[in-house]
1. Having 1 or more residues that are of a type outside the set (A, V, I, L, M, F, W, C), within 18 Å of Leu215 (Cβ to Cβ) and modelled with pLDDT under 95 is the bar; report the helices (runs of 4 or more DSSP H) wholly within region 37-132 that clear it.
2. Does region 230-237 include one or more residues that are assigned to a helix (DSSP H, G or I) and within 17 Å of the chain's Cα centre (by Cα)?
3. Scan Phe65, Phe106, Phe77, Phe70 and give me the residue that is closer than 17 Å to Asp250 by Cα and either free of Cβ contacts under 8 Å to residues at least 24 places away in the same chain or surrounded by 11 or more Cβ atoms within 10 Å (Cβ to Cβ) (or both).
4. Does region 253-264 hold any residues that are in contact (Cβ under 8 Å) with a residue 24 or more places away in the chain, surrounded by 15 or more Cβ atoms within 10 Å (Cβ to Cβ) and either touching a His at 6+ places or on another chain (Cβ under 7 Å) or within 26 Å of Leu139 (Cβ to Cβ) (or both), and which are they?
5. Specify which of the listed residues (Arg131, Arg141, Arg164) is in contact with an Asp or Glu (Cβ under 9 Å, 6 or more places away or on another chain) and surrounded by fewer than 19 Cβ atoms within 10 Å (Cβ to Cβ).
6. Do any residues in region 109-131 that are without any contact (Cβ under 8 Å) to a residue 60 or more places away in the chain have Cβ atoms under 8 Å from those of residues that are surrounded by fewer than 15 Cβ atoms within 10 Å (Cβ to Cβ) and in a helix (DSSP H, G or I), where the two are at least six apart or on different chains, and which pairs are they?
7. Does region 261-292 hold any residues that are part of a loop (DSSP other than H, G, I, E, B), touching a helix residue (DSSP H, G or I) at 6+ places or on another chain (Cβ under 6 Å) and either of a type outside the set (Asp, Glu) or over 23 Å from Tyr81 (Cβ atoms) (or both), and which are they?
8. Scan region 238-248 for residues that are part of a helix (DSSP H, G or I) and free of Cβ contacts under 8 Å to residues at least 24 places away in the same chain and jot them down.
Amino acid sequence: MATNESISIFSSASLAVEYVDSLLPENPLQEPFKNAWNYMLNNYTKFQIATWGSLIVHEVLYFLFCLPGFLFQFIPFMKKYKIQKHKPETWENQWKCFKVLLFNHFCIQLPLICGTYYFTEYFNIPYDWERMPRWYMLLARCFGCAVIEDTWHYFLHRLLHHKRIYKYIHKVHHEFQAPFGMEAEYAHPLETLILGTGFFTGIMLLCDVILLWALVTIHLIGTIDVHSGYDIPLNTLNLIPFYAGSRHHDFHHMNFIGRYASTFTWWDRIFGRDSHFTAYNEKMKKIEKKMQ
């Protein structure tokens with residue numbers, strides 16, 4: 001009951017804005033997406049879209065976004081952008097990571113994804129294009145979901161680092177001190193459930209079907225980027241205010257302390273969990289100046 005009320009509260013403001021916007025002519029750039037979406041609705045059931053569609057979106061995007069970082073290890077020019085240059089990727093680690101990912105994706109995440117259909121039915125979440133939010137409302141909702149997930153991730157991630165439980169769950173994710181993109185979802189099954197709850201909490205409050213796929217896309221771009229192990233110049237993600245980026249999370253894997261948030265920097269700043277990173281960053285800048 002409380003969840004239904006929360007959804008109603010969060011949706012009312014966006015519906016008001018969308019009503020005003022509906023009076024304006026539709027953007028012609030949306031037409032191809034609208035046609036593709038309606039084609040999908042006409043040829044597949046809601047269950048197929050919510051379950052297998054969501055799984056395909058996740059798997060295709062995950063490995064597609066991992067591909068650039070995977071190829072970087074074969075490009076000599078890109079080595080200068082690797083953060084931990086003395087710890088190159090190995091085939092053994094990447095193969096081990098890939099096998100664990102397949103298990104987590106199909107044995108842990110797939111059952112959760114199968115519940116998506118029943119979730120959308122229970123809360124009467126729309127599938128039709130006409131009731132989908134406009135692009136700017138979609139971005140606003142994605143931002144709201146990202147803030148919710150980031151907050152959940154900070155506090156639960158920090159808890160998983162507690163000395164009494166670290167070795168039982170979160171230690172798996174820290175097996176690789178020099179992270180690489182594919183390692184973003186390399187984790188203990190319980191961690192997948194615990195930290196993944198933050199992702200679904202935002203969906204529960206602000207959900208529609210296209211939001212789920214848009215949020216999956218944005219979430220994967222961010223989490224794979226921070227685990228990439230490369231600090232690429234002119235990375236457009238770094239233009240986002242308070243975005244953590246790869247150097248922040250790479251430091252966390254290297255030292256196991258601080259930088260607990262998943263996307264943004266504010267929680268670590270508020271609770272003083274970025275002091276070690278700041279000191280390390282200043283030290284590295286001085287070393288780089290001496291080498292020039």
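1. The qualifying helices (runs of 4 or more DSSP H) are 54-72, 110-122.
2. Yes, that holds for at least one residue.
3. Phe70
4. Hits for region 253-264 are His253, Tyr260, Ala261, Ser262, Thr263, Phe264.
5. The conditions single out Arg131.
6. none
7. Result: Ala261, Ser262, Thr263.
8. Across region 238-248, the qualifying residues are Asn238, Leu239.
The values are calculated or read from the model by the stated rules, or taken from the named source; none is laboratory data. The structure presented is a predicted model; accordingly, all values stated were derived computationally and were not measured. All Cβ positions, even for glycine, are placed from backbone atoms using ideal geometry, and neighbour counts span all protein chains on display.
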